[in-house]
Amino acid sequence: MTRLLLFLVCSFTLATTTYTADSLTGTWMSADKDGKIKIYASGGKYYGMLIWLKEPNDPETGKPKLDKKNSDKTKRSRPILNMEIMKDLVWDADDQEWSDGEIYDPKTGNTYSLTCKLKTIDQMELTGYMGITLLGRTTSWDRVK
């Protein structure tokens, strides 16, 4: 009986966890484990910078990977490492999510609208989409400790 009561109390506590806007800040590992993104606040919005790559150098040239797939030809010579790939996320306390942002995928050169939500303090669910979220793709990132 005591175990059941303890389980119910813990379950209720986890189900009612609330986060603050800054709960998103920190360093996160991408879903495919090939990049780390540092998320930070600036001017009431949240941004993410690619601070680590599993393979930072282009295997063909031996030099740092560049933004070769960018649709803007003038940006194709910029390094991917330390690039801002997330921008303008806004905290919505009622929905417990960050929304109205954008994420750039240097692997494809595409930019998507972005919504983020914490599943736990150490796991984030990101939905990138074009148009409406139902047509998007959701992935999870883990917090780097």
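The values are calculated or read from the model by the stated rules, or taken from the named source; none is laboratory data. Since the model is a prediction, treat every value here as computed from it, not as a measurement. Neighbour counts run over all protein chains shown; Cβ positions are idealised from the backbone, glycine included.
General observations
- The residues in the stretch 66-101 that are outside any loop (DSSP other than H, G, I, E, B) and within 20 Å of Trp52 (Cα to Cα) can be counted, and the count is 7.
- Considering residues of the stretch 113-125 that are part of a strand (DSSP E or B), without any contact (Cβ under 8 Å) to a residue 40 or more places away in the chain and touching a Lys or Arg at 6+ places or on another chain (Cβ under 8 Å) only, the residue farthest from Met86 (Cα to Cα): Gln123
- Count - residues of the stretch 70-109 that are in contact (Cβ under 8 Å) with a residue 24 or more places away in the chain, touching a Phe, Trp or Tyr at 6+ places or on another chain (Cβ under 9 Å) and not hydrophobic (A, V, I, L, M, F, W, C): 6
- Candidates Ile103, Ile80, filtered to the one that is in contact with a Leu (Cβ under 8 Å, 6 or more places away or on another chain) and either surrounded by fewer than 15 Cβ atoms within 10 Å (Cβ to Cβ) or more than 23 Å from Tyr19 (Cβ to Cβ) (or both): Ile80
- Test for Asp92: is it surrounded by 14 or more Cβ atoms within 10 Å (Cβ to Cβ), of a type outside the set (A, V, I, L, M), under 24 Å from Leu134 (Cβ atoms) and out of contact with any helix residue (DSSP H, G or I) (no Cβ under 7 Å at 6 or more places or on another chain): yes
- Residue check for Lys117: closer than 23 Å to Met29 by Cβ, crowded, with 17+ Cβ neighbours inside 10 Å and not acidic (Asp, Glu): yes
- Candidate set: the stretch 1-60, residues that are modelled with pLDDT of 95 or more and of a type in the set (Lys, Arg); chosen: the one nearest to Ala93 (Cα to Cα): Lys45
- Of the candidates Lys73, Lys87, the single residue that is modelled with pLDDT of 95 or more and either within 22 Å of Thr18 (Cα to Cα) or within 18 Å of the chain's Cα centre (by Cα) (or both) is Lys87.
- Taking first residues from the stretch 126-145 that are in a loop (DSSP other than H, G, I, E, B) and partners that are among the β-branched types (Val, Ile, Thr), the Cβ contacts under 7 Å between residues at least 6 apart in sequence or on separate chains come to Gly136/Thr127; Val144/Thr27.
- Counted residues, the stretch 29-46 - those being closer than 16 Å to Leu81 by Cβ and in a strand (DSSP E or B): 5
- Looking at Lys87, Lys63, Lys69, Lys73, just one residue is within 23 Å of Gly136 (Cβ to Cβ) and either touching a helix residue (DSSP H, G or I) at 6+ places or on another chain (Cβ under 6 Å) or surrounded by fewer than 16 Cβ atoms within 10 Å (Cβ to Cβ) (or both), and that residue is Lys69.
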